[in-house]
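Each remark here refers to the structure printed beneath this line.
The values are calculated or read from the model by the stated rules, or taken from the named source; none is laboratory data. Note that the structure is predicted; figures quoted are calculated from it, not measured. For neighbour counting, all protein chains shown are included, and Cβ atoms are generated from backbone atoms with ideal geometry for every residue, glycine included. Calculation scope for accessible area: heavy atoms of the full protein, side chains included, ligands and nucleic acids excluded. Shrake-Rupley method; radii C 1.70, N 1.55, O 1.52, S 1.80 Å.
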Amino acid sequence: MARYRLVPTREQNEDRQIEALTKFGVPVQNIIIDKASGKDTEREGYQYLKRQILRKGDTLVIKELDRLSRNKTDIKRELEQFKDMGIRVKILDIPTTLTDFPPEQAWVLDMINAILIEVLGSIAENERNKIRARQREGIVAAKRKNIKFGRPSKPLPDNWEQVLAEVRCGNKKPVEAMRELGISRSHYYRLYKIT
């Protein structure tokens, strides 16, 4: 029985991909969704799919090549692994991967797909690099405007100075201070470092 899977990224809405796969004939219950970046192949659902579900003779259907990864080297490695495992990969945006060739002409399909995958893999990798460059530019611009990243810092407890003075002169242990201040160990030491 052929198994079909989907690996979209976190920032995308998977509805269009699910629709494309179901139109192609993939049963909804056979679709795996990872809500993670396509920057590499270390995604929980994808790794489970490869290690536990797919077997020789199965077919993996994905909407776009960059659902495997946005790294050209990773894409090539994954496709080679699937080929070695005897798993057919169909990519909906590469129509030649959907075509069935007679066994004696399989080399033609392999050649065409290799060229397309090389080009599209380069495009996917380039897009990932553009995204990262835009993120870096955005962070630099935000820092120039004094925009803070991360969680907002918690205010110091009202009695912080008094309790800290007792700890520093040895009248109180840090554990006692944490208890009295009602803060966690990590929060205590974070505040301790900055004061």
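Some notes on this structure:
- Based on C-alpha pairs under 8 angstrom that are at least 6 apart in sequence, the stretch 26-131 has a relative contact order of 27 percent.
- Aspartates and glutamates whose Cα lies under 18 Å from that of residue 76, excluding same-chain neighbours fewer than 8 positions away: 40, 42, 64, 66, 84, 93, 110, 118, 125, 127
- Assuming charge only on the beta carbon of Lys and Arg (+1) and of Asp and Glu (-1), the dipole of the stretch 76-153 about its Cα centre is about 1220 debye to the nearest 20.
- When the Cα atoms of the chain are aligned to their principal axes, the ranges along those axes come out at 86, 38, 28 Å in descending order.
- Between amide H atoms placed 1.01 Å from N, distances below 5 Å from residue 90 occur with 60, 61, 62, all of them 5 or more places distant or on a separate chain.
- Set 148/193; 35/83; 50/90; 83/130; 154/193 screened for pairs whose C-alpha atoms are more than 21 Å apart: 35/83; 83/130
- Aspartates and glutamates with Cα under 16 Å of residue 173, excluding same-chain neighbours fewer than 8 positions away: 161
- Mean sequence separation of contacting Cα pairs (under 8 Å, at least six apart), scaled by the length of the stretch 46-90, corresponds to a relative contact order of 53 percent.
- Per-residue ellipticity at 222 nm, computed for the chain from helices alone with -39500 (n - 2.57) per DSSP H run of at least four residues, works out to -15500 deg cm²/dmol.
- Given charges at beta-carbon only (K, R positive; D, E negative), |dipole| of the chain in Debye: 960 debye
- Each of 60, 156, 48 was placed along the dipole of the chain (beta-carbon charges, centred on the mean Cα), and the one lying farthest toward the positive end is 156.
- Portion, in percent, of the accessible area of the chain that falls on carbon or sulfur, probe 1.4 Å: 52 percent
- Relative contact order, whole percent, for the chain stands at 16, derived from Cα pairs under 8 Å and 6 or more residues apart.
- You can think of it this way: the chain between residue 29 and residue 52 has 6.7 nm of extra reach, that is 0.36 nm per residue less the Cα-Cα gap.
- The chain: most fluctuating residue of 64, 166, 127 per GNM, C-alpha cutoff 10 Å: 166
- Positive-end residue, the chain charge dipole about Cα centroid, Cβ charges, pick of 141, 181, 122: 181
- Take the chain with all the other protein chains still there, run a 1.4 Å probe, and you get 65 Å² of accessible area per residue.
- The 3J(HN,Hα) values that the Karplus relation (6.51, -1.76, 1.60; θ = phi - 60°) gives for the stretch 118-131 are, in residue order, 4, 5, 5, x, 5, 5, 4, 5, 5, 5, 4, 5, 5, 4 Hz. Gly and Pro appear as x.
- Between helix 15-24 and the chain there is an angle of about 20 degrees, using the helix long axis and the longest principal axis of the Cα atoms.
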